[in-house]
Each structure stands twice: as C-alpha cells, then as structure tokens.
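To start, the structure itself, in structure tokens.
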Amino acid sequence: MLLTASGCREDDGCDYTFKYNISSNPVTLDPQIADDPNSDIIIENVFMGLLTLDKDGSVKAGVASDFTVSDDGLTYNFKLKQDIYWIDNDEFEDKCTADDFVYGFTRLFMPETRAPHARDYYCIKNSELLNTGKITDNSLLGVKAKGDYELEITLDYPNSRFLTMLTEPPAMPCSKKFFIQSQGKYGLSDECTPSNGSFYVRRWLYEPYADKDSNSITLGRNYKNAESREICPAAVTLYIRDKELFIEDFLGSDVNCISVSNNDKVLIKGDVIGEEFSTITGGIVFNRNSTLFSNSHFCMALALLTDREAIRSAVPEFEAAEGIVPAQVSMLDKSYREIVGRCKLLEYDLTSARKYFLKAQPQLNTSLFTGARIIVPDSVAETAVSYVMQEWQREFGFYCVVEQLDDEEYNARLDSGDYDIAVIELSGKYNSPSAYLEQFSADNYENHSHYSDSVFEEILKKAKETVELSDSAKKYLDAEQELINKAAFVPLYCKNEYFFTVEGITDIVYDPFSKTVDFTLAKIFD
C-alpha cells in the first residue's frame, strides 16, 4: 500500500516486479541478429518498432504515431512520436528518431551483419541487392528519413504482411551513436544493450556453471518513456532455468506466468487463469527423398485412406484438423479461417486410392512394403497414425514400424531425413498463413518432407505480394489447397497450447506464435 499525505490510496496494480522463466541464456539482444525465442522475449520488452501488435493481432502505434500507405502498396510514410527515448543502464540518453530506423534497416541488409531474417524483408527497395553484395551504396535502400520524425519506406513489390513485419525484431531501430560506442559488443551484455521500449536491461547475470538460481536478467522500467506512455511494472526478472523446472516454479509461485503444451496442461493446478490458443496442426508427411515416396501416385493412394471420422469416434480427445493453417491464425485483426472458410481435405476414398495405387505400381518396389519407419513426437500422433496404418495394411499390404521418440531424437531424425514417414506438428513463428505454408517451400530448411512444387511456390509468392487483405487470404487458401491436393501434408489433428497466470495478474500479453510475452501493461492485484 502506498502512503500519501492525505492517507492511503487503493493499489492500482502497478510498480510490481514480474517474474518469468526462460530456458537458456539469450545468444544476443541485437534485434537484427537475434534468432532464438529467449532473445525475442527480451527484445519485445526492451525495443519498440514503428508499430506494435495489439492483443487481437491488429497493429497499433509504436514509435510511429501515424502512417499512410499508397494505393499501390509500395510507399509507406510514418510520422514519429517526438517523446520516445533511448536509455541504457548507465547514463546514455537520446531521442529515438527516423535516422535510427534508417540505420537499423541498413544494418539488417549489410552482408557483414549476416542477419538471419534479412531475406524476409527483401520487399524493401534494393534490399536484396545490398544484402547479396550486388550493390554497395546504402543510400539506395528504400528507407529514408524525411526529417527527424518522418520516415518513408519504399518497396520493390507489395507485401500483405509488411505492417505486421514492422513489429518484429529485425525491424527494430538502432542508435548509431550507441552502436559505435558498444565497440562490437552490441546486444551482448547489459552495458551494451540500449532501450527505446518499455524496459531497459538493468542487469544480466549468467555463468554456465553457477548455481542455477543465480542466472537471471532483470529489466527495469524505461523511466524516460514512462513519462509519455503507460508502463506498469517497475521491473521484470527473467530466470534462466532448466525447462523441466518451469511447472514446479509456477506452482510454487516463484514465477507469475507460464506457457505449456497441450500434454502438460493437466499438471497446472490451483488458482490460475488460462488462455487457450489453437496454433498447432499435426499431420503426415512422406519423405520425398525416400525411394517409395518419390512416387507421387503412391503418396496420394495412402493419403486417400485417411479416415478422420473413424479416429474421432475411437479417440475422444482427438480433434480433427480443418486444414494446414490452424484456427488461431489471423490477418491483422481478422481470422484467416473466417475470411476463407475451411479447406477441402482429402477424405477417405477407397475407389480413388486404388486407382492411384494402380498408377503407382509399375514404378513401386514392393519389397520395401514392410518396415517403413514412421516417426512420431508423442502418443497422440501415434494413436492417430495407427488407425491410418491399418487401412494401408489391409488395402495395399503396406506395413510400417512406428517409432515414438523424445524431442531431441525426433528433431534430429527430422533434420537428418532419417525416416520414411513422419507425423509432424506444424507451428508458425509468426501470425500469418505464410508461416505455416512456407515450411513446404523448396529452399526452406524446415521443409522436412523435401517436397518441391513450382505451382505451389508461385501461388504462395502471389499471396505474399498481394495488397488487398481478402485477395491475399484467398491466394493463401489456394496455396494451402495445392499442398493438400498433392498430399504434401495430410492434416490429421489440431492441438492447443496454453498460457497461465496466477490469480490476480492482468494484462500480460502472450504471443503464441513468437512465444514472446509483453509485460508493458501487466498489473498485480492482491
């Protein structure tokens, strides 16, 4: 309770310290280079882009107070707030200006930065040419300061996600003055990480062999930005802990909130508040590098023997997928599924399956019909695929061996291609249909099935480059349908993940795609 000259006032929930666990020491807090969820959680709270995301997925003001977009979707003009400041944990203090965004994007596309997500922003004029070293004049980049508080960004081609992309780490500003001052250590320590967001890095303690309870990162309220915008917590402490301890810490009130998988939700008990997010689609992929599954007709024959209704009847907890893109995905503030509707899945069709099998037979090596390896991540996937396997055995004499693996071995087998069939669980790293669909692009390292199709690639490209939201959504549906129609991915089930807070906590914003947590408006009421 705070005491004033006139007595005590009611607690408004502000000025508390929030506590959260992260699973490893962040590699870097340099937004242009960061590429791991633990870094992104901190960057979300320490830096602020031109725009930020509201809880419903729509964009709202960040450093920019207003913006306009040209009719052709190629020119974006931003008016910047004049009261956003950079600070650090020492004495650095400076206003955030348009030049900081120019320098941030310039660094993003410098070849020597080796920014892992630079290619995602190749829609910006001349960015690809700069990033690949084909031109070296940074002034040709389509990001221009039109004064201290006005910024213009020009694109080579439209991008339906561009406004949302401006909320993500690679699009964060960079103070050139501070960057030079950090002498090559930018984002690697509390002394070398600035803040133009809600919090600054007050203290960063990590010793690999120290007691596990001593490793933590403490964020303090950005006192300059708190003068012009609401920042409720006084501080946020992120403990660097083994993931196996997360649930124990939450149940013991050592942290205020936790995200858990569908499998772990039953372990969360007591006075807690939970949010549910439908973000995962589980389905079958055939390894197209395998001798058997290089035959597309055989893949189609197997896909057409998927009886989701039979699985649903036999397994009460089974929730059939409606497509590749799950229900949680939105485009700005509109549900993707509400815009486009359901996909047309390949339903159980024995007659068509037999026709595809006959087409495949001349090229099939039936001596490989026993012992094909199916790898699965958990018991839900194993149960679902077992029902499909029964159909394969009965109709085609095709027998498989199911291997349920722990996370480490499962991911290693996927990455190495050491499997014939896999049940994979698709999740998106950002909130867009493209985050799920681009995992089947030929040049994507997450394309574990090694599927390749030029028609799909062209449709997906057009979806990303379409200005109108509804037109873009329809093209994403076309791309999704193309994958389904060619058995690149056979949707089986959908899964949820959950975010829990202890009772009395309000206004923490969790992003189930990036796995970041925004503490800016978080409050505690006893």
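Listed values, structure above:
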read-out	value
Helices (runs of 4 or more DSSP H) lying entirely in region 70-166 (those with 1 or more residues that are under 21 Å from Leu332 (Cβ atoms) and not acidic (Asp, Glu))	162-165
Test: residue in region 449-470 that is within 28 Å of Glu275 (Cβ to Cβ), under 20 Å from the mean Cα position of the chain (by Cα) and charged (D, E, K, R)	no
Scan of region 236-250 for residues that are open to solvent by less than 80 Å² (accessible area, probe 1.4 Å) and either in contact with an Asp or Glu (Cβ under 8 Å, 6 or more places away or on another chain) or in a loop (DSSP other than H, G, I, E, B) (or both), ordered by number	Tyr239, Arg241, Ile247
Residue list for region 256-272, restricted to those being surrounded by 14 or more Cβ atoms within 10 Å (Cβ to Cβ) and within 29 Å of Ser214 (Cα to Cα)	Asn256, Cys257, Ile258, Ser259, Val260, Asp264, Lys265, Ile268, Val272
Ser253, sole failed condition from (1) touching a residue at least 40 places away in the same chain (Cβ under 8 Å); (2) open to solvent by 60 Å² or more (accessible area, probe 1.4 Å); (3) at negative phi; (4) assigned to a loop (DSSP other than H, G, I, E, B)	(3)
Any hit, region 259-273, residues being under 24 Å from Ala353 (Cα atoms), modelled with pLDDT under 95, outside any loop (DSSP other than H, G, I, E, B) and over 22 Å from the mean Cα position of the chain (by Cα)	no
Residue satisfying condition, being more than 24 Å from Gly57 (Cα to Cα) and touching a residue at least 24 places away in the same chain (Cβ under 8 Å), within set Leu205, Leu155, Leu219, Leu151	Leu219
Single residue of Tyr387, Tyr356, Tyr436 found to be over 30 Å from Ile339 (Cβ atoms), out of contact with any Pro (no Cβ under 6 Å at 6 or more places or on another chain) and at pLDDT 95 or above	Tyr356
Test: residue in region 69-76 that is at pLDDT 95 or above, surrounded by fewer than 18 Cβ atoms within 10 Å (Cβ to Cβ) and touching a Lys or Arg at 6+ places or on another chain (Cβ under 8 Å)	no
Some residue of region 399-407 being in contact with a helix residue (DSSP H, G or I) (Cβ under 9 Å, 6 or more places away or on another chain), within 21 Å of Cys494 (Cα to Cα) and in a loop (DSSP other than H, G, I, E, B)	yes
Conditions (1) open to solvent by less than 40 Å² (accessible area, probe 1.4 Å); (2) within 22 Å of Ile217 (Cβ to Cβ); number of the one not met by Asn126	(2)
Matching helices (runs of 4 or more DSSP H) fully within region 280-340 where at least 3 residues are at negative phi and touching a Phe, Trp or Tyr at 6+ places or on another chain (Cβ under 8 Å)	296-303, 308-314
Subset of region 173-190 (residues that are touching a residue at least 24 places away in the same chain (Cβ under 8 Å) and either open to solvent by less than 10 Å² (accessible area, probe 1.4 Å) or in contact with a helix residue (DSSP H, G or I) (Cβ under 6 Å, 6 or more places away or on another chain) (or both))	Pro173, Cys174, Ser175, Lys176, Phe178, Tyr186, Gly187
Qualifying position, being surrounded by 19 or more Cβ atoms within 10 Å (Cβ to Cβ) and of a type in the set (Asp, Glu), among Glu403, Glu395, Glu382, Glu391	Glu391
Only one of Thr154, Thr97, Thr106, Thr113 that is among the polar types (S, T, N, Q), more than 19 Å from Thr167 (Cα to Cα) and either open to solvent by 10 Å² or more (accessible area, probe 1.4 Å) or at pLDDT 95 or above (or both)	Thr113
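Per-residue answers, yes or no, for (1) among the polar types (S, T, N, Q); (2) open to solvent by less than 40 Å² (accessible area, probe 1.4 Å); (3) part of a helix (DSSP H, G or I); (4) within 29 Å of Ala61 (Cα to Cα):
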| residue | (1), (2), (3), (4) |
| --- | --- |
| Thr466 | yes, yes, no, yes |
| Lys474 | no, no, yes, yes |
| Leu483 | no, yes, yes, no |
| Ala488 | no, yes, no, no |
| Pro491 | no, yes, no, no |
| Phe499 | no, yes, no, yes |
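The values are calculated or read from the model by the stated rules, or taken from the named source; none is laboratory data. Model, not experiment: these values are computed from the prediction. So basically every Cβ, Gly included, is an ideal-geometry build from the backbone, and we count neighbours across all protein chains shown. Just the protein is used for accessible areas: all its heavy atoms, side chains included, with ligands, DNA and RNA removed. Shrake-Rupley method; radii C 1.70, N 1.55, O 1.52, S 1.80 Å.
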